[in-house]
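Got a structure for you, written out below as structure tokens; questions coming shortly.
The values are calculated or read from the model by the stated rules, or taken from the named source; none is laboratory data. As the structure is a prediction and not an experimental result, all values here were calculated from the model. We place every Cβ from the backbone using ideal geometry, glycine too, and count neighbours over all the protein chains shown.
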Amino acid sequence: MIEYVDICCGLAWGDEAKGKVVSYLASNYDFVCRWAGGNNAGHTIYINNNKYKTHLVPAGVFHNIKSIIGPDCVVNVKSFFEEIEYLKNNGFDTSLIKISPKAHVIEDSHIEEDIAKYAGQGTTSKGIAPCYRDKYARMGTRAENIYELEEYLWDEKLYGKVLCEGAQGFWLDINYGNYPFVTSSTTLPYGACCLGFPPQKIRKIYGAAKIYDTRSGTDPDFPEELLNDPFLKKVIMEGHEYGTTTGRMRKVNWLNINKLIIAINISGCTDIIISKVDVLEKLGFYKLYYNNNLIEFNNMNDMKNYIIENLNNMCPLLDNIKFSSNVENI
Ligand code: IMP
Ligand code: MG
């Protein structure tokens, strides 16, 4: 019996510290499950001051919790086994990791096609779009048909308390993002229902956000000129805004509150965690966009209060707003 399901989703363009939030919550659950995407994602997790990176395996494994790669995920078999090796070498119990038999497999030809045809969209070159294309064209290969994955196949049972771990973010969603500068999967929390629980079981939806906006990859909403802004450049440096998966420098802009409000409301967030507050505090500039105006604050407290007041006014489902200044805690 499933008691309840909580979901953690990204509210921006990925890289909102979902890994940190999920890792912080994980030990309270029986399962931690990824519902979409593949090794295009990159989660950085700190445990007892040690830094770990995963691309596909959910963060439950770091806390000895069953970790499921769900049916709408896409799996690169080689990089999956590399991740298993990496986790084993770091002392984690990889027998907790299971893949849905329904997940699709990324072929070498998908990666080659991604590199050849999608470079202009600034993809992560992991074969994501061609793999989902073949899935929806009903000509893909599922994990259940891959002999090497046999011992990792999930029995598709869920029970107790379930935490679903999002990948990418609201504005990279196949429907809601700046198409075609999007990823090929459902990044919104409803996508998690593919794991096989009824939507009525959803209890809380945690949204991960950041105190400034970042974009890794091409997007006309994040023009290259942003890289020339001396203040935003300092945010890149201080915030280490380089892609976990691609190593590319991310474009940074001041937080767009209007977009955050839309993402919170459509996602149905009950709780949000706004990270990287320490970056702006160190630099001493406090700005955000609201209704196309760039608003400047004297200090972080004023900026936080402004955010809290406006989100409370505009987001009726939201109960809890937390800020985080720390890579490990909230
Ligand atoms: P794809 O998912 O590799 O096809 O890339 C599509 C777009 O989504 C590109 O702009 C990527 O940079 C972006 N993207 C995909 N996954 C992530 C992620 O985990 N974090 C940030 N951006 C991502
Ligand atoms: Mg990431």
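Say whether the condition of being out of contact with any strand residue (DSSP E or B) (no Cβ under 7 Å at 6 or more places or on another chain) and outside any strand (DSSP E or B) is met by at least one residue in the range 27-37.
Yes: the range 27-37 contains one or more residues that are out of contact with any strand residue (DSSP E or B) (no Cβ under 7 Å at 6 or more places or on another chain) and outside any strand (DSSP E or B).
Oh, and also: Is it true that some residue in the range 152-173 is of a type in the set (Phe, Trp, Tyr) and either farther than 28 Å from Glu83 by Cβ or free of Cβ contacts under 8 Å to residues at least 24 places away in the same chain (or both)?
There is no residue in the range 152-173 that is of a type in the set (Phe, Trp, Tyr) and either farther than 28 Å from Glu83 by Cβ or free of Cβ contacts under 8 Å to residues at least 24 places away in the same chain (or both).
Let me ask another. Does the range 75-91 include one or more residues that are among the hydroxyl-bearing types (Ser, Thr, Tyr), within 14 Å of ligand 2 (Cβ to nearest atom) and either over 15 Å from the mean Cα position of the chain (by Cα) or at pLDDT below 95 (or both)?
Looking through the range 75-91, none of the residues is among the hydroxyl-bearing types (Ser, Thr, Tyr), within 14 Å of ligand 2 (Cβ to nearest atom) and either over 15 Å from the mean Cα position of the chain (by Cα) or at pLDDT below 95 (or both).
Looking at (1) modelled with pLDDT of 95 or more; (2) buried (at least 24 other Cβ atoms within 10 Å of the Cβ), which one does Ser216 not meet, given that it meets all the others?
Of (1) modelled with pLDDT of 95 or more; (2) buried (at least 24 other Cβ atoms within 10 Å of the Cβ), only one is false for Ser216: (1).
Next question, about the same structure. Give the residues of the range 110-147 that are surrounded by fewer than 22 Cβ atoms within 10 Å (Cβ to Cβ), of a type in the set (Phe, Trp, Tyr) and under 24 Å from Asn178 (Cα atoms), sorted by residue number.
Tyr118, Tyr136, listed by residue number.
Name the residues in the range 38-51 that are among the polar types (S, T, N, Q), away from ligand 2 (no atom under 16 Å from the Cβ) and assigned to a strand (DSSP E or B), would you?
Scanning the range 38-51 gives a single hit, Asn50.
Looking only at the range 103-137, count every residue that is out of contact with any Pro (no Cβ under 7 Å at 6 or more places or on another chain), modelled with pLDDT of 95 or more and part of a helix (DSSP H, G or I) and tell me the total.
16
Output the residue which, of all residues in the range 242-260 that are part of a helix (DSSP H, G or I) and out of contact with any Leu (no Cβ under 7 Å at 6 or more places or on another chain), is nearest to ligand 1 (Cβ to nearest atom).
Taking the candidates together, the pick is Lys259.
Find the residue count for the range 20-59, including only residues that are under 12 Å from the mean Cα position of the chain (by Cα) and in contact (Cβ under 8 Å) with a residue 60 or more places away in the chain.
So the count comes out to 17.
Starting from the range 220-244, take each residue that is in contact (Cβ under 8 Å) with a residue 24 or more places away in the chain and list its partners that are part of a loop (DSSP other than H, G, I, E, B), counting only C-beta distances under 6 angstrom and pairs at least six apart or across chains.
Asp221/Asn178; Phe231/Phe285; Gly239/Lys276; Glu241/Arg250; Gly243/Ser216; Thr244/Gly42
State whether one or more residues within the range 142-163 are within 16 Å of ligand 2 (Cβ to nearest atom) and either of a type in the set (Asp, Glu) or touching a His at 6+ places or on another chain (Cβ under 6 Å) (or both).
Scanning the range 142-163, I find no residue that is within 16 Å of ligand 2 (Cβ to nearest atom) and either of a type in the set (Asp, Glu) or touching a His at 6+ places or on another chain (Cβ under 6 Å) (or both), so the answer is no.
Of all residues in the range 164-203, which are over 13 Å from the mean Cα position of the chain (by Cα), in a loop (DSSP other than H, G, I, E, B) and more than 16 Å from ligand 2 (Cβ to nearest atom)?
Hits for the range 164-203 are Ile174, Asn175, Tyr176, Asn178, Tyr179, Pro180, Phe181, Ser184, Gly196, Phe197, Pro198.
So which residues in the range 74-109 are within 24 Å of His63 (Cβ to Cβ), surrounded by fewer than 17 Cβ atoms within 10 Å (Cβ to Cβ) and among the basic types (Lys, Arg), if there are any at all?
Selection gives Lys88 alone.
Moving on. Asn258 is checked against (1) more than 17 Å from the chain's Cα centre (by Cα); (2) surrounded by 19 or more Cβ atoms within 10 Å (Cβ to Cβ) and fails just one. What number does that condition carry?
Result: Asn258 fails condition (2) only.
Could you tell me which of the residues Phe222, Phe181 is more than 21 Å from Ile274 (Cα to Cα) and either in contact with a Phe, Trp or Tyr (Cβ under 9 Å, 6 or more places away or on another chain) or within 16 Å of ligand 1 (Cβ to nearest atom) (or both)?
Phe181
Moving on. Can you confirm whether the range 298-316 contains a residue that is crowded, with 16+ Cβ neighbours inside 10 Å and either part of a strand (DSSP E or B) or of a type in the set (Gly, Ala, Ser) (or both)?
Checking the range 298-316: not a single residue is crowded, with 16+ Cβ neighbours inside 10 Å and either part of a strand (DSSP E or B) or of a type in the set (Gly, Ala, Ser) (or both).
Within the range 24-37, can you find the residues that are within 13 Å of ligand 2 (Cβ to nearest atom) and at negative phi?
Of everything in the range 24-37, just one residue is within 13 Å of ligand 2 (Cβ to nearest atom) and at negative phi, namely Arg34.
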